[in-house]
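Here is the structure we will look at.
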Amino acid sequence: MPVRSDAERLRAAGLRVTQPRLAVLATVRDRPHLDADTITRLARARLGRISGQAVYDVLRALTGAGLLRRFAPAGGPARYEWGGDDHDHLVCRDCGAIVDTRRNRAPGPCLDPGASAFKVEFTEVTYWGRCPRCQSQHD
């Protein structure tokens, strides 16, 4: 399957192609797991001018269209990453580093949502611990 440009992704999601949307998409693609303030700062570096409110509006539109995924580790700001696949995150309690991880998708009691009328669309699991660098500082 050919790789689509950001403009093609926006059009396929039914969104207009705008410079702020392209800047935010490129920023998140290049550096996943950023918060909105950091995305705003980096998008400004790409565009020159963009308001914080415009970035929040773009993030909401891109998340709603499934182009970006929003997740919020407990006690921290919401983070954004490229949308699409369902995966989990490892978060370092000391430095805040975030790494993607995949769990064994075999059904298990801790991942079984039980009998309900809900249709599960994705899961969000966050593992907390210490990254290798922080572990070495504690040893």
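If you scan the stretch 42-75, which residues turn out to be exposed (fewer than 12 other Cβ atoms within 10 Å of the Cβ) and on the phi < 0 side of the Ramachandran plot?
Quick first cut of the stretch 42-75, residues exposed (fewer than 12 other Cβ atoms within 10 Å of the Cβ) only: 45, 48-49, 51, 53, 66, 74-75.
Within the stretch 42-75, ALA45, ARG49, SER51, GLN53, ALA74 qualify.
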I need the full set of residues from the stretch 29-59 which are under 17 Å from ALA7 (Cα atoms) and of a type outside the set (A, V, I, L, M, F, W, C), in order please.
ARG29, ASP30, ARG46
Mind checking which pairs have a first residue in the stretch 35-64 that is assigned by TED's automatic domain parsing to the domain that holds GLY76 and under 22 Å from ALA13 (Cα atoms) and a second that is assigned to a helix (DSSP H, G or I) and of a type in the set (Lys, Arg), Cβ under 8 Å, 6 or more apart or different chains?
VAL58/ARG21; ALA61/ARG21; LEU62/ARG21
Residues of the stretch 97-139 being outside any loop (DSSP other than H, G, I, E, B) and modelled with pLDDT under 65, in sequence order, are PRO109, CYS110, LEU111
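Among the residues of the stretch 42-83, how many are of a type in the set (S, T, N, Q) and assigned to a helix (DSSP H, G or I)?
Just the residues of the stretch 42-83 that are of a type in the set (S, T, N, Q), to begin with: 51, 53, 63.
Filter again for assigned to a helix (DSSP H, G or I), leaving 53, 63.
The total comes to 2.
Results for (1) within 25 Å of SER136 (Cβ to Cβ); (2) small (Gly, Ala, Ser); (3) touching a helix residue (DSSP H, G or I) at 6+ places or on another chain (Cβ under 6 Å), shown as yes or no for each residue.
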residue: ALA61; (1), (2), (3): no, yes, no
residue: ARG70; (1), (2), (3): no, no, yes
residue: GLU81; (1), (2), (3): no, no, no
residue: VAL91; (1), (2), (3): yes, no, no
residue: ASP94; (1), (2), (3): yes, no, yes
Can you tell me which residues in the stretch 1-23 are free of Cβ contacts under 8 Å to residues at least 40 places away in the same chain, surrounded by 12 or more Cβ atoms within 10 Å (Cβ to Cβ) and not in a loop (DSSP other than H, G, I, E, B)?
ASP6, ALA7, GLU8, ARG11, GLN19, PRO20, LEU22, ALA23
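The values are calculated or read from the model by the stated rules, or taken from the named source; none is laboratory data. All values reported here derive from a predicted model rather than from experimental measurement. FYI the Cβ positions are ideal-geometry reconstructions off the backbone, even for glycines, and counts take in every protein chain you see.
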